[in-house]
Structure formats: C-alpha cells, structure tokens
1. Would you be able to tell me the number of residues in segment 271-321 that are in contact with a Gly (Cβ under 6 Å, 6 or more places away or on another chain), of a type in the set (Gly, Ala, Ser) and farther than 24 Å from Gln140 by Cα?
2. Condition test on Ile55, is it in contact with a Lys or Arg (Cβ under 8 Å, 6 or more places away or on another chain), surrounded by fewer than 21 Cβ atoms within 10 Å (Cβ to Cβ), β-branched (Val, Ile, Thr) and in contact (Cβ under 8 Å) with a residue 12 or more places away in the chain?
3. For segment 271-312, which residues satisfy the criterion of being small (Gly, Ala, Ser), buried (at least 22 other Cβ atoms within 10 Å of the Cβ) and farther than 20 Å from Leu389 by Cβ?
4. Could you tell me whether segment 152-162 includes any residue that is more than 25 Å from Ala26 (Cβ to Cβ), in contact (Cβ under 8 Å) with a residue 40 or more places away in the chain and under 18 Å from the mean Cα position of the chain (by Cα)?
5. May I ask you to list pairs of residues, at least six apart or on different chains, whose Cβ atoms are under 8 Å apart, with the first in segment 349-376 being in the same structural domain as His288 (by TED's automatic domain parsing) and the second being modelled with pLDDT under 90?
6. Looking only at residues in segment 51-75 that are closer than 14 Å to Cys23 by Cα and among the aliphatic types (A, V, I, L, M), which one is modelled with the highest pLDDT?
7. All but one of (1) part of a loop (DSSP other than H, G, I, E, B); (2) surrounded by 24 or more Cβ atoms within 10 Å (Cβ to Cβ) hold for Leu315, so report the exception by its number.
8. Among the residues of segment 337-379, which ones are out of contact with any helix residue (DSSP H, G or I) (no Cβ under 9 Å at 6 or more places or on another chain) and part of a loop (DSSP other than H, G, I, E, B)?
Amino acid sequence: MFALRDGVMCYYSEQACRGIVYCNIAFEVGDVGGEAEMLLPLLASAITGLGTSDIPYHLMSHQIGLVFGGLRTDLEVADHAETQNPHAVIWMKSRFLVQYADEALPLLDQLLCQANFADHTRLREIMLEMRNDYRASIVQNGSAYAGLRAEAGLSTLEEKEERLKGISQYQYLDAVLAQPVEKVAAALEKLRDGVIRSCRSEVQLTCDPEHRRSMQDKLPALMVNLWSRDYTDIPSLSVVSDFKLLPLPSVDQPESLVTTTSVNYLAMAFPGALVFQPGFAAQSLISHLLSTGYLWERCRMRGGAYGASAGVHGLSGIFRFITYRDPQTARTLEAFFESFDFMSKQMPSDDLIETGIIALVGKELRPMNPGAKGLLAYRRHRFGITDDLRQENRDRLLALGQEDLRAELQLLNSAMQRGVLSMLVSPQALSEYGQAAELQANESQAAAQDSQQPSVEWLLRRAAVNQHVVVSA
C-alpha cells in the first residue's frame with residue numbers, strides 16, 4: 001500500500017498480468033443516509049450509463065468499448081470484521097491494456113466527475129432499465145430478496161443492504177419514475193458532487209511489477225478532476241417526499257410478499273456466529289452438511305423445491321435457511337425447525353465430516369484471474385479479514401469433530417426461537433391462513449409459549465396478515 005497524492009491510498013497487488021491493468025476505485029458512502037442513500041444505486045448506474053457534455057452517450061459507449069476490456073460500477077455493503085462498523089462502497093471497476101492508460105484514466109475521470117445528467121432522455125432510459133431489471137429478477141431471484149428481508153430484521157448492516165439492493169430499492173425506483181426527470185437529475189448531480197471526492201476514495205491496482213511506477217504517477221496526473229475535489233458535506237435531498245419504506249419483518253412479525261409467482265421462496269434468519277467467533281467454523285460446516293444432505297432430501301426430493309440451503313453470514317452474525325421455487329410453505333418450515341434436532345440425533349460420520357471440511361477449504365482455493373486475486377486481497381484488507389483470522393478459522397475447521405458439531409447444533413436450535421421469517425409467495429399460498437379472526441384466536445397460544453419455539457401454523461397465520469403486494473398482475 002502507498003499514497004498516491006493528497007492522502008489517497010493505493011492498495012497494489014503484484015501479479016503477472018501480461019500487460020493488463022486492473023484499476024478499481026472505491027468511494028466510501030457508508031455515512032450517506034436518508035433519501036440520498038436510496039439514490040446511490042441509481043447514481044452508480046448513471047455514472048457509466050451517461051455521456052458527458054462534450055461526448056454524447058452513443059460516442060462515449062463506443063469509446064469505452066475501444067479502450068476498456070471491462071468497465072462497470074458496483075455497490076457493496078459490508079461490516080468490518082473486527083470493529084463491526086458498517087461500510088458501503090461505490091466501486092468503479094476497470095480493465096485495460098497498459099498502452100491505453102493515457103486514454104483510459106482521463107475517460108474514468110470524465111465519467112466519474114462530468115457525467116451529463118442534463119441528458120434527460122438517456123437518464124430516464126437508465127431508470128426504466130433498472131426498475132424493469134428489478135421487477136424481472138424478483139421471481140427469478142426470490143430467495144435472495146426474501147433472505148435479505150429476513151436478515152434485515154436482525155442486522156443494521158443487512159437493513160442497509162436491503163434498502164440499496166432489495167425490495168425497498170425496487171419500490172423506491174418505481175416511485176422515482178413517477179417524478180419529473182429534471183428533479184431526479186438535479187438530485188443525482190448534487191449527490192455525485194458530494195460523494196465522488198478524492199478524500200472518499202481508495203484505489204486498488206493490479207498490474208505487472210514493471211508497470212507499477214508509471215501507473216502510480218499517471219493515476220493522479222491524468223485524473224485531475226477527481227483529485228481536485230476535496231471534502232464537502234452530503235446534501236439533503238428530497239425526490240419522493242411521500243415515499244415510505246416497507247416495514248421490515250421481525251421475530252413477532254413474519255411477513256409474506258405477494259407476487260405473480262405460482263411458487264414460493266422462504267427465508268428464515270436468526271442469530272449466528274460472527275467470523276471471528278469460535279463457533280463460526282462449526283456453523284459453516286453445519287450449513288454445508290445440511291445443504292447437501294438433510295435439506296436436499298427433505299425440501300428438494302420430498303417437498304419438490306428446486307433448491308434449499310443453509311448458510312452463515314460471518315460479517316453480520318446471521319444463520320439463514322432459504323428455499324427456491326418451493327411449492328410448500330408449512331412443510332418447509334417444519335423441515336427448518338426440525339433440522340438441528342435431526343442432525344444431532346443422526347450425526348454425520350467422521351468420513352462425511354471430513355468430506356465437508358475438504359469442500360469448505362476447497363472454496364478458498366479456487367482459481368482466479370489476476371484482477372480477481374488483487375480485488376479479493378483488497379476487500380479482505382478493507383473489511384478486516386486478516387490472514388491470521390483466516391488461518392485461525394481454518395485451524396478450527398480442521399479440528400472439528402462430532403461433539404463440536406453437537407454443541408453448536410444446540411446453540412443454533414435455541415437461536416431459532418429468535419428467527420425472522422420472510423416469504424415471497426403466490427396470492428393463493430397463504431389463503432387458508434389469512435383470516436384475522438383465526439390469528440387472534442391463536443394469540444393466546446403464542447403468548448403461552450413464552451420462550452418456546454413458535455408453531456409453524458402461528459407463523460403462517462401471522463405472515464398471512466402481515467402481507468404486502470410487491471408485484472401485481
């Protein structure tokens with residue numbers, strides 16, 4: 001790592017790249033809140049989707065194709081593993097041949113700092129494309145959306161990600177499209193001028209060692225607009241003044257999101273281990289064994305779901321079950337609730353545990369191109385995933401046995417009492433549970449359970465009442 005100029009840090013990864021330069025610029029936007037935060041995904045798309053005042057979009061698009069081997073923006077949300085401070089980052093990811101650096105870097109500078117928001121026709125096209133892509137993906141990726149909603153009910157980090165990448169973002173884009181495009185353009189320009197600043201940026205550079213010095217000199221020299229932008233406050237923005245976020249699900253308020261699908265997507269999230277805690281390795285192995293064994297048999301083979309899996313999110317400390325294109329609701333929830341007891345009673349053999357450990361270790365040893373290696377190393381640095389932490393988790397994983405898994409299964413079974421349920425369902429899926437009177441009749445049963453696990457029927461009745469139409473026919 002070294003400083004470029006004015007305190008902007010560059011994380012350099014030395015790789016054999018054969019003349020290709022991978023240049024990724026990260027802008028920290030974790031402190032952006034309110035409606036400005038909701039506009040960040042649209043801003044990220046507009047940066048590479050618009051031209052400039054000097055170069056219209058159709059010419060800019062052609063020039064990008066000639067100069068870059070890859071150029072895209074992305075938005076990432078993650079906690080720091082040690083401090084647990086949430087981060088949100090706008091990425092500008094690019095790839096070009098080293099001989100094109102003198103053309104590529106000024107183009108990046110123009111896209112970041114001079115995108116022409118006055119091109120209202122093109123901006124509206126971007127907004128429509130984003131909204132329609134979200135709408136088309138809701139059924140296709142229903143498990144991801146339901147999972148994000150369930151996790152958001154437990155974690156401020158996942159709550160932020162849900163606002164930026166989930167159902168809330170889709171609904172916000174839908175509301176933005178009803179506003180005058182001039183109003184949206186003015187807000188995006190103010191937001192761009194607030195967050196695309198050198199003081200918010202870090203550069204991740206991967207290239208051949210003989211090209212490092214020239215790239216180190218060219219980055220600040222050729223990206224003059226970015227380096228001239230110092231700190232400024234984030235403006236307060238209002239585009240959709242009456243927009244209200246969909247209430248998140250909670251332990252006492254499971255939800256059902258109704259769409260035009262004829263199948264269901266179920267997600268249940270509850271507290272799990274953080275990546276630096278001793279139980280993380282065991283929970284990673286448990287989730288793998290459940291996904292490839294019990295859940296496959298119970299939900300896929302018997303229940304008819306296209307997919308079912310378990311997973312633990314180490315940065316937010318959440319364990320999650322999800323199903324994909326699932327014709328069931330009650331039977332799937334029963335499978336979730338019975339999973340840990342089943343595994344405790346029918347503990348996998350030592351050979352099966354060893355196979356699971358090999359599979360988990362193998363995920364970290366997959367081949368990657370030089371750019372992916374450099375970016376992964378930077379992300380681990382930025383989010384506190386140190387080599388010592390990774391080695392510690394691997395040592396714990398390799399030492400796991402049946403008794404370690406049994407102890408962790410008991411903890412997970414207890415944690416399920418604080419589970420949050422979100423379901424993306426068809427209009428008919430919960431019709432038999434949807435009578436409010438029946439729900440009230442079961443309130444006394446739920447109250448009497450106290451710390452006991454809620455019944456499947458109670459959860460479904462509650463979700464049927466806490467119902468939100470996301471996409472209608």
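The values are calculated or read from the model by the stated rules, or taken from the named source; none is laboratory data. None of these values were measured; they are calculated from a predicted model. All Cβ positions, glycine included, derive from the backbone under ideal geometry; neighbour counts span all protein chains shown.
1. Number of matching residues: 3.
2. Values: in contact with a Lys or Arg (Cβ under 8 Å, 6 or more places away or on another chain): no; surrounded by fewer than 21 Cβ atoms within 10 Å (Cβ to Cβ): yes; β-branched (Val, Ile, Thr): yes; in contact (Cβ under 8 Å) with a residue 12 or more places away in the chain: yes.
Criteria not met by Ile55.
3. Narrowing segment 271-312 to residues small (Gly, Ala, Ser): 272-273, 279, 281-282, 284, 287, 291, 293, 303-305, 307-311.
Then keep just the ones that are buried (at least 22 other Cβ atoms within 10 Å of the Cβ); that gives 272-273, 281-282, 284, 287, 305, 308, 310.
Listed by number, the residues that qualify are Ala305, Ala308, Ala310.
4. Of all residues in segment 152-162, those more than 25 Å from Ala26 (Cβ to Cβ) come to 153-154.
Now drop any that are not in contact (Cβ under 8 Å) with a residue 40 or more places away in the chain, which leaves 153-154.
Filter again for under 18 Å from the mean Cα position of the chain (by Cα), leaving 153-154.
Checking segment 152-162: at least one residue is more than 25 Å from Ala26 (Cβ to Cβ), in contact (Cβ under 8 Å) with a residue 40 or more places away in the chain and under 18 Å from the mean Cα position of the chain (by Cα).
5. Listed by first residue and then by second, the contacts come to Leu376/Met368.
6. Just the residues of segment 51-75 that are closer than 14 Å to Cys23 by Cα, to begin with: 67-74.
Adding the requirement that they be among the aliphatic types (A, V, I, L, M) leaves 67, 71.
Numbers: Val67: 93, Leu71: 90.
Here the residue is Val67.
7. In the conditions (1) part of a loop (DSSP other than H, G, I, E, B); (2) surrounded by 24 or more Cβ atoms within 10 Å (Cβ to Cβ), Leu315 misses (2) alone.
8. Leu365, Arg366, Pro367, Asn369
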